[in-house]
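**Student:** Before I ask anything, let me first share the structure, which is written out below as structure tokens.
The values are calculated or read from the model by the stated rules, or taken from the named source; none is laboratory data. The structure displayed is predicted, hence computed values, not measured ones. For neighbour counting, all protein chains shown are included, and Cβ atoms are generated from backbone atoms with ideal geometry for every residue, glycine included. The area values use the complete protein model at the heavy-atom level, side chains included, leaving out ligands, DNA and RNA. Shrake-Rupley method; radii C 1.70, N 1.55, O 1.52, S 1.80 Å.
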Amino acid sequence: SMDVPNAFIQTITPKGKNKIIMKITGVMVKYIIDIAPEYRDFVVLENKKRVIYVEVHRAIYGMLISSLLWYKQFRGDLEGQGFIFNPYDPCIANKMVDGKQHTIRFHVDDLLSSHMDPKVNDKFAEWLNLKYGQLKPCTIVRGKVHRYLGMTLDFRMKGKLKIRMDEYVQNM
């Protein structure tokens, strides 16, 4: 299992006519001017409130478009590595490696990689870390027990998978 840190901020936003403009209001305007006084020239008044409009160059957590931009970028990167996406589930990709299927399943920035040869998973983890571990290394978990999307996946019994969600349910 793997986690890509800061996935959204590693996602470039579109330029040109599809660029993303963000409106900053309230106390954030004060914080921006305190940090970078040169932005004072870009403050405008709207209904007697200070506002700054900025062009967003990276996806930001909380923006609706960010998940879609990350998905498109990550999908393109996986396709560039030869993965073919499942036509029924757009978050599952497969490719054949050494005559066996290598499967990547993901939900946003949380991934599961599986292949009969653990070295294939290791090689994928190295690629993922080179591609997305520049700001902070990717979290890579190897072994028989994985925490994934609130579940504990336990592969310790040969031929069986035990799934638990006790902590997730307790936290609800």
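**Student:** By average Cβ neighbour count within 10 Å, what is the ranking of 161-170, 87-96 from highest down?
**Tutor:** Going by the mean number of other Cβ atoms within 10 Å, highest first, we get 87-96, 161-170.
**Student:** Also, quick follow-up: Pop out the carbon and sulfur fraction of the accessible area of the chain as a percent, whole number, probe 1.4 Å.
**Tutor:** For the chain, the apolar C and S fraction of the accessible surface comes to 57 percent.
**Student:** Now a separate question. Once Lys and Arg get +1 and Asp and Glu get -1 on their Cβ, which of Q73, V169, A36 lies farthest toward the positive end of the dipole of the chain?
**Tutor:** So the residue we want is V169.
**Student:** Dipole of the chain, Cα-centred, from +1 at each Lys and Arg C-beta and -1 at each Asp and Glu C-beta, to the nearest 20 debye?
**Tutor:** 160 debye
**Student:** From largest accessible area down, sort W127, W70; use a 1.4 Å probe on the protein chains.
**Tutor:** W127, W70
**Student:** Report the accessible area of V43, computed with a 1.4 Å probe over the heavy atoms of all protein chains in place, in Å² rounded to the nearest 10.
**Tutor:** 40 Å²
**Student:** Using the heavy atoms of the protein chains and a 1.4 angstrom probe, tell me the accessible area per residue for the range 87-172 in square angstrom.
**Tutor:** Details: 6300 Å² over 86 residues.
Result: 73 Å² per residue.
**Student:** Which order do you get for D98, D117 if you rank them by accessible area with a 1.4 Å probe, largest at the top? Could you put the intermediate results ahead of the total?
**Tutor:** Details: D98 130, D117 55 Å².
The residues order as D98, D117, largest area first.
**Student:** Heavy atoms of the protein only, probe of 1.4 Å, neighbouring chains included. What is the accessible area of H107 in Å², nearest 10?
**Tutor:** 100 Å²
**Student:** Want the number for V27 to V56: 0.36 nm per residue separation, take away the alpha-carbon distance, what's left?
**Tutor:** Gain in length upon complete extension: 8.5 nm.
**Student:** Continuing with the same structure: Defining a contact as two alpha carbons under 8 Å apart and six or more residues distant in sequence, what relative contact order in percent does the range 15-66 show? Don't skip to the answer; put the middle values down first.
**Tutor:** On the way: 48 pairs, mean separation 21.9, N = 52.
Once divided by the residue count of the range 15-66, the mean separation gives 42 percent.
**Student:** For a paramagnetic label modelled at 7 Å from the Cα of I9 toward its Cβ, which residues of the range 46-63 fall within the zone defined by backbone nitrogen distances under 13 Å?
**Tutor:** 58-62
**Student:** Additional query: For the pairs K19/K49; K19/K131; K95/K136; K23/K48, flag any whose C-alpha to C-alpha distance is greater than 22 Å.
**Tutor:** Checking Cα-Cα distances, K19/K49; K19/K131; K95/K136 exceed 22 Å.
**Student:** Shifting gears a bit: Just the number please: accessible area per residue for the range 1-74, 1.4 Å probe, all protein chains included, in Å².
**Tutor:** On the way: 5110 Å² over 74 residues.
Per residue, the range 1-74 has 69 Å² of solvent-accessible surface.
**Student:** Further question: Show that you can apply the helix-only estimate: for the chain, add -39,500 (n - 2.57) for every DSSP H stretch of four or more residues, divide by all residues, and state [θ] at 222 nm to the nearest 500.
**Tutor:** For the chain, the value works out to -8500 deg cm²/dmol.
**Student:** Using a 1.4 Å probe and counting only protein heavy atoms, arrange E38, E55 so the residue with the most accessible area comes first. Intermediate results must be reported in sequence, preceding the final value.
**Tutor:** Working: E38 115, E55 80 Å².
Highest to lowest solvent-accessible surface, that is E38, E55.
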